[in-house]
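Engineer: Dropping a structure here in structure tokens format, bear with me for questions.
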Amino acid sequence: MTDEWHWDDESIAASEELYRHVPRVPNQKKRVDPTTGEWSLTAAAFTTNEMQEDGWSIYRNGLMHQYGLTQADIESSGDEPREVWAFQVMDVRDVDGCGVIDQEDPAGGMLGRAHGLVRCSEPKSEKKKIVTLRNKLINRATPR
Amino acid sequence: MTGGNRRFRRSDDFNDAWAAWSTGSGRYLHSRSRGGGRPSRSPSASAETDPLLAGRISSDLDTGFGYKHKPSPWNPAKSDDPESHTDFLRFVDTKMRRVEAGGTESSRVRLTGARRQLKDVLDTIGRISSVYPFIADDGDGGVFAEWRAGSQRIEIVIEQDLSAYANISDDGETVWFFEFDPNENLPFDEAQRLRQALNNHSIIVNRFNPQWRRFFTAG
């Protein structure tokens, strides 16, 4: 890792879909809205701790296509069952100072090549900004 | 309350609650407050299409995780039961003990502290007819309580380093954010802001789904 902090790659199209994988843990990462019956992600799906350490882990749809990967590759990766929620790069960039970069995960095999990070412009961004971004993504993310 | 349609008549208290949600009782303006719209990110939902809104909720609601929700065993008969605040706190306490028990050995000490602190905050803002919060650990050693009605969310988070914040958002926009020391009493104004938001949220949820308790189990 270099000293320079990269937080947005403008070559990544605003309309590109990003996939966030969350463990299929009952009553933690997602919940039901008692007024609509819809599922939505919770704060546990985007913790401030993870953001402040390195950024929120995602997979880019464009790179997955390029490497012939599918959603099933995400769901079956890791030790525990996962599910996939999608949002767009523009949802991230809607919050000033937030963006998306490529960050290959060497331990992730072929899937790791499609790996990226959602980041803020500072390595230890203030919580209010992180929470603002999280609110946006929870509102926009849809299950796949 | 009987009959699905009656649940959709918006009384003054409902419209006031919806406006207060969006405006923070005049502290800020938001476009939703002008329309007094319904609390949903799914505009197509209606009593005809949504069994929840029509009050036809199965007692074994499919959660999508391969198990069923069961009604809470201590559902009060009426939401204005004078013991409901006790009921609210009992739900909170039991739920947090479950969260703590489900953590790893190394996370348990942190969760114990966070659990006590979150319970204190919830005790401060909970009221007789408060809707129960969704409570869980965040997987990083913290715990959080969250209420959601359509696009509106209230969130109180105690993090793994025992720092804390509260957050109110509408349609993905943060409308109120406050960091606090969970070892200290919540300041009066902020406690009042959260109490008011929870009260308004509870009015909306009770109006749209009087059987909301079916979504909450202690297990």
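Rule-based calculations on the coordinates, nothing more; no lab input. The model shown is predicted, which means the values in this text are computed figures rather than measured ones. Here the Cβ positions follow ideal geometry from the backbone for every residue, glycine too, while neighbour counts run over all protein chains shown.
Engineer: Using Cα-Cα distances under 8 Å and only pairs 6 or more residues apart, what relative contact order does region B:136-184 have, in percent? Walk me through the numbers on the way to the answer.
Structural biologist: On the way: 91 pairs, mean separation 12.8, N = 49.
Answer for region B:136-184 is 26 percent.
Engineer: Shifting gears a bit: Restricting to Cα pairs below 8 Å that are 6+ residues apart, what does the relative contact order work out to for chain A? Please round to a whole percent. Mind dumping the intermediate values first?
Structural biologist: Working: 246 pairs, mean separation 49.1, N = 144.
It comes to 34 percent, rounded to a whole number.
Engineer: Under a point spin-label approximation (7 Å from Cα along Cα-to-Cβ), what is the A:M110-B:R195 distance to one decimal in nm?
Structural biologist: A separation of 6.0 nm, rounded to one decimal place.
Engineer: Please report, for the Cα atoms of region A:17-143, the Rg to one decimal and the Dmax as a whole number; what are they, in angstrom?
Structural biologist: Using the Cα atoms of region A:17-143, the pair Rg, Dmax is 14.2, 43 Å.
Engineer: With 23 Å as the limit, write out which pairs from A:K136/B:K95; A:K128/B:K95; A:K29/A:K136; A:K129/B:K119; A:K136/B:K119 have Cα-Cα distances beyond it, or answer none.
Structural biologist: Listed pairs above 23 Å: A:K136/B:K95; A:K128/B:K95; A:K129/B:K119; A:K136/B:K119.
Engineer: Just to verify a number: FRET efficiency for A:E4 and A:E126, C-beta to C-beta distance, R0 = 22 Å, to 0.05?
Structural biologist: On the way: r = 21 Å, r/R0 = 0.94.
Efficiency for this residue pair is about 0.60.
Engineer: Sticking with this structure for a sec: Add -39500 (n - 2.57) for each DSSP H run of 4 or more in chain A, then divide by its residues: what number comes out at 222 nm, to the nearest 500 deg cm²/dmol? Show your work: numbers first, answer last.
Structural biologist: Numbers: 6 runs with 40 residues, N = 144.
Helix-only estimate at 222 nm: -6500 deg cm²/dmol.
Engineer: In whole Hz and in residue order, list the ³J(HN,Hα) couplings for region B:186-197 that follow from phi through the Karplus curve 6.51 cos²θ - 1.76 cosθ + 1.60, θ = phi - 60°; x for Gly and Pro.
Structural biologist: 4, x, 4, 4, 6, 4, 5, 5, 5, 4, 5, 5
Engineer: Shifting gears a bit: Place a +1 charge on the Cβ of each Lys and Arg in region A:17-143 and a -1 charge on the Cβ of each Asp and Glu, then give the dipole magnitude about the Cα centre in debye, rounded to the nearest 20. Each step should come with its number before you reach the end.
Structural biologist: Working: 17 positive and 19 negative charges, 78 e Å.
Here region A:17-143 has a charge dipole of around 380 debye.
Engineer: Taking the Cβ of A:D96 as the center, what net charge do the other residues with Cβ under 14 Å away carry, scoring Lys and Arg +1 and Asp and Glu -1?
Structural biologist: Values: positive: A:R93, A:R119, A:K128, A:K129, A:K136; negative: A:D8, A:D91, A:D94, A:E122, A:E126, B:E173.
Residues near A:D96 contribute -1 overall.
Engineer: Quick one: order A:T36, B:T174, A:T70, B:T124 by neighbouring beta-carbon count within 10 Å, fewest to most.
Structural biologist: On the way: A:T36 23, B:T174 19, A:T70 11, B:T124 15.
Lowest to highest Cβ neighbour count: A:T70, B:T124, B:T174, A:T36.
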